[in-house]
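Bear in mind that the values in this text are calculations on the coordinates, not laboratory data. Since we're looking at a predicted model, the values are computed, not measured. As a convention, Cβ positions derive from the backbone with ideal geometry for all residues, glycine included, and neighbour counts pool all protein chains shown.
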Amino acid sequence: MPKRRDIVAIVLIVLPWTLLITVWHQSAITPLLATQKDDRRDGRSNSRNTFALKESCSLQNRDIVEVVRTEYVYSRPPPWSDVLPTIHVITPTYSRPVQKAELTRLTNTLLHVPNLHWLLVEDSQRRTTLVGRLLHETGLNYTHLNVETPRNYKVRGDTRDPRIPRGTIQRNLALRWLRETFGVNSSQSGIVYFADDDNTYSLELFEEMRSTKKVSVWPVAFVGGLRYESPKVNTLGKVYGWKTVFDPHRPFAIDMAGFAVNLRLILAKPQAYFKLRGVKGGYQESSLLRELVTLSDLEPKAANCTKVLVWHTRTEKPVLINEGKKGFTDSNVEI
Amino acid sequence: MATRMKLKLKTVFVLYFMVSLMGLVYALMQLGQRCDCAEHDMPKDRTISRLRGELHRFQEQIRKSEATKQPQKQPAKPTIFVITPTYARLVQKAELTRLSHTFLHVPQLHWIVVEDSPHKTPLVSDLLLKSGLTYTHLHMPTAKDRKLQEGDPSWLKPRGVEQRNEGLRWLREDRRAQPGGDNQQGVVYFADDDNTYSLQIFEEMRSTQRVSVWPVGLVGGMKYERPVIEGGKVVRFHTGWRPSRPFPMDMAGFALSLKLVLANPESCFDGDAPMGFLESSFLQGLVTMDELEPKADNCSKVLVWHTRTEKPKMKREEALQAQGLGSDRAVEV
């Protein structure tokens, strides 16, 4: 048996393949290294592999945002960028004693987010002066809408009747406004996010959602009777289920604050709205999302759904017992 | 037969070798040219360089506008020292996050956060570090007998006393270590981590000479509590609960000048004071009602609200934890 020949044969087989593989690996990096040469002027040198490079890219993005933020200590939104996609934040609101306080602290957060467009929809017959004045004074880029929930739909007292989801009509109005303003099948870049006025949002959340291609999802704290609810993400980075206790078999077992939709998707599917009637408790989000996307299309954010960037806080109803029947305080003073 | 097979095998090998070689050459040629295949990374790099370009433009603009402002050099604004006591509970991170967003808008603000804890917690340390604010991180645990227990109503024992006093102590010590007239300029404000503050209140309090006061919304069982002003002076307080207190107002309704705090190094909050008298216990030795400065348009506007956040319902979480299936503790909430 010619052993030497066998060895030679094996070497001849293996060698080209190993060379090929190393060459392909190199070629994947080289184009990026080529562009990095331009950036080297700015004093950033990267000679790492693709994965580290991707991380440093997103870090650069975050660094850029952070620098802009800390330089800006005035109560005006950051300058409008031509590059960042606009985030359209839809907030339904209604009149109650804590309304002004809630909207005030929400605006203090939103004023830090670049390229933000706030759609505030009041549950009222007319646009109130309280909200109108507040919006005007913030300097935010906003749209002030209103639509009154018909009496038979309104939540009675304090009890949360699951058959009547709050804010639905207002959110639908905002979606309709977006479709009318931008037109169907427009190529306008933007992200749509539903933000309730009593939740708490970190600034990182808005930057996470900016890269949404279809629908992105992330964990939300204090919902479903848990510390947080989150989507289940597999090793391939795809959502395959929901880590919740309350009805995890819902098509989209996620809170309103836990997802964002690309504007193009909203415009491309003009019949997709939140369902008004016959929606079981907790199925409101599913009623919209199932018309837009399937489970496999969801993009997990917040480090593959391992970080909590939004909290479903609820504000206590203030005790106004000392007001009495006639009202102790001057009703002309706005609170 | 054997030679024929060998021949065939040889040709197979040769063919195979030629094919691999050609593939290698092709790959090497690809290397020399600009590759279109990595297109998923190209837009990202393009976006990054465009963003960087924008950033440089904005920074130039800021630098230019600041250069034109230089000739009119204004005296430095007095710093507002905000003392916030905080304690670990589910909503702590959320509360501190949205509070930091408000403070980021206020120039010349120094946040003094005092934790009710025997040591500094990583949650608060990280939050403060990432916030971008000027801050001081302190801690002071409340004595066990002074602490509220599970199920105690919130009004049973005064909260935040030791922490606010610790904040005052640090401030006095810090200022003593840096002598100089400018360092005595400042305003001290006690801000609880669950209240809501408008940006205007901080500008109102900046001009405090001794102690300034203003209305507070959603407190004292009413829509708002406020000092009553006549002739530019506080004559009494409009409140629904025990108006006979020396200073019947909420912690969020007044601010002191730093000078006053430093001139009275012994004054602090009295934890033994009866319910609702905490503010009075502090202010009594410092100022009379006559000397109070009304702000917020002669105390007619509500610029701060005493909001309280609900305790999140954890029934399902507790049930899961009993089964050992609670949510991942490593994830910070």
Subject >> CD proxy at 222 nm, helix term only [per DSSP H run n ≥ 4: -39500 (n - 2.57); per residue of chain B; nearest 500] >> reply: -12500 deg cm²/dmol
Original post:
How big is the gap, in Å, between the Cα center of the stretch B:240-276 and the Cα center of the stretch A:219-297?
Top reply: 49 Å
Original post:
For the stretch A:199-243, what mean projected area does the convex hull of the alpha carbons give, in nm²?
Top reply: 4.0 nm²
Subject >> For the stretch B:195-333: rounded, prolate or oblate by the Cα gyration tensor [a/c cutoff 1.5] >> reply: prolate
Original post:
So how compact is the stretch A:261-323: Cα radius of gyration and Dmax in angstrom?
Top reply: 17.4, 54
Original post:
Where Rh denotes the Kirkwood radius from the mean inverse Cα pair distance, what is Rg over Rh for the stretch B:93-206?
Top reply: 0.97
Original post:
Build a GNM of chain B with springs between Cα atoms under 10 Å: which of B:Met289, B:Met29, B:Met251 gets the top mean-square fluctuation?
Top reply: B:Met29
**OP:** Decide, for the stretch A:234-292, between rounded, prolate and oblate: order the square roots of the alpha carbon gyration tensor eigenvalues as a ≥ b ≥ c, take rounded if a/c falls under 1.5, and otherwise choose prolate if a/b is larger than b/c, else oblate.
**Re:** oblate
Original post:
For the stretch B:102-229, what is the charge dipole size about the Cα centre, in debye to the nearest 20, if Lys and Arg each add +1 at the Cβ and Asp and Glu each add -1 at the Cβ?
Top reply: 320 debye
Original post:
Of A:Asn141, A:Leu288, B:Thr307, which is farthest along the charge dipole of the protein assembly as shown in the positive direction, counting Lys and Arg as +1 and Asp and Glu as -1 at C-beta?
Top reply: A:Leu288
**OP:** Give me Rg over Rh for the protein assembly as shown, both radii from the alpha carbons and Rh done the Kirkwood way, two decimal places.
**Re:** 1.07
**OP:** Extending each Cα 7 Å along its Cβ direction at A:Val333 and A:Ser95, get the distance between those two points in nm, one decimal.
**Re:** 2.0 nm
Subject >> Prolate/oblate/rounded call for the stretch A:191-287, Cα gyration tensor, a/c under 1.5 rounded >> reply: rounded
Original post:
Any idea how far apart A:Lys3 and A:Val83 come out in nm if each label point goes 7 Å out from Cα toward Cβ?
Top reply: 6.3 nm
**OP:** May I ask you to sort A:Phe246, B:Phe277, B:Phe81 by Cβ crowding, counting other Cβ atoms within 10 Å and putting the fewest first?
**Re:** A:Phe246, B:Phe277, B:Phe81
Original post:
Considering the stretch B:255-333, what Rg and Dmax in Å follow from its alpha-carbon atoms?
Top reply: 21.9, 62
Subject >> Cα coordinate range in the stretch B:278-322, projected on the principal axes (Å, largest first) >> reply: 58, 27, 7
**OP:** Going by C-beta contacts inside 10 Å, put B:Met222, B:Met275 in order with the fewest on the left.
**Re:** B:Met275, B:Met222
Subject >> Of B:Arg159, B:Arg176, B:Arg226, the one that fluctuates the most in a GNM where chain B has Cα springs shorter than 10 Å >> reply: B:Arg176
Original post:
With labels modelled as points extended 7 Å from the Cα through the Cβ direction, what inter-label distance (nm, one decimal) is found for B:Glu203 paired with A:Lys325?
Top reply: 4.4 nm
**OP:** Choose one answer from B:Asp174, B:Asp272, B:Asp45: the residue with the largest mean-square fluctuation in a GNM of chain B with alpha-carbon springs under 10 Å.
**Re:** B:Asp45
**OP:** Could you size up the charge dipole of the protein assembly as shown around its Cα centre, putting +1 on the beta carbon of Lys and Arg and -1 on that of Asp and Glu, and report it in debye to the nearest 20?
**Re:** 2540 debye
Original post:
Over all residues in A:310-320, what is the mean tally of Cβ atoms on other chains that come within 10 Å of each residue's Cβ?
Top reply: 6
Subject >> Rounded to 5, the percent of DSSP beta bridges in chain B classed as antiparallel >> reply: 40 percent
**OP:** May I ask for the equivalent-ellipsoid semi-axes of the stretch A:107-156, computed as the square root of five times each C-alpha gyration tensor eigenvalue and listed largest first in whole Å?
**Re:** 25, 12, 9
**OP:** Return the FRET efficiency for the residue pair A:Thr128, B:His137: r is the Cβ-Cβ distance, R0 is 45 Å, and the value is rounded to the nearest 0.05.
**Re:** 0.65
**OP:** Place +1 on the Cβ of every Lys and Arg and -1 on the Cβ of every Asp and Glu in chain B, take the dipole about the Cα centre, and give the residue among B:Leu90, B:Gly232, B:Gly186 whose Cα lies farthest towards its positive end.
**Re:** B:Leu90
Subject >> Residues A:Asn304 and A:Leu12, FRET efficiency given R0 of 45 Å [Cβ-Cβ distance, rounded to 0.05] >> reply: 0.55
Original post:
Can you sort B:His56, A:His144 so the residue with the fewest Cβ neighbours within 10 Å comes first?
Top reply: B:His56, A:His144
Original post:
How large is the Kirkwood hydrodynamic radius of the stretch B:171-255, in angstrom, based on all distinct alpha carbon pairs?
Top reply: 14.7 Å
**OP:** Would you list the P(r) distribution for the stretch B:195-244, with all Cα-Cα distances sorted into 5 Å bins from 0 and each bin expressed as a whole %?
**Re:** 4, 17, 23, 25, 21, 9, 0
**OP:** Of the DSSP beta bridges with both residues in the protein assembly as shown, give the percent that are antiparallel, rounding to the nearest 5.
**Re:** 40 percent
Original post:
If r is the Cβ-Cβ distance from B:Leu129 to B:Arg329 and R0 is 22 Å, what FRET efficiency results, to the nearest 0.05?
Top reply: 0.50
Subject >> Sequence-separation-based contact order of the stretch A:117-264, relative, with Cα cut under 8 Å and 6+ spacing, percent >> reply: 21 percent
**OP:** Mind checking the stretch A:210-311 for trypsin sites (Lys or Arg not before Pro) that DSSP puts in a loop (not H, G, I, E or B) and that have at most 13 other Cβ atoms within 10 Å?
**Re:** A:Lys213, A:Arg277, A:Lys280
Subject >> Debye equation applied to the C-alpha atoms of chain B, log10 I(q)/I(0) at 0.08, 0.16 Å⁻¹ >> reply: -0.53, -1.43
**OP:** Please go through the stretch B:134-227 and write out the chymotrypsin sites (Phe, Trp or Tyr not before Pro) that DSSP classes as loop and that have at most 14 other C-beta atoms within 10 Å.
**Re:** B:Trp155
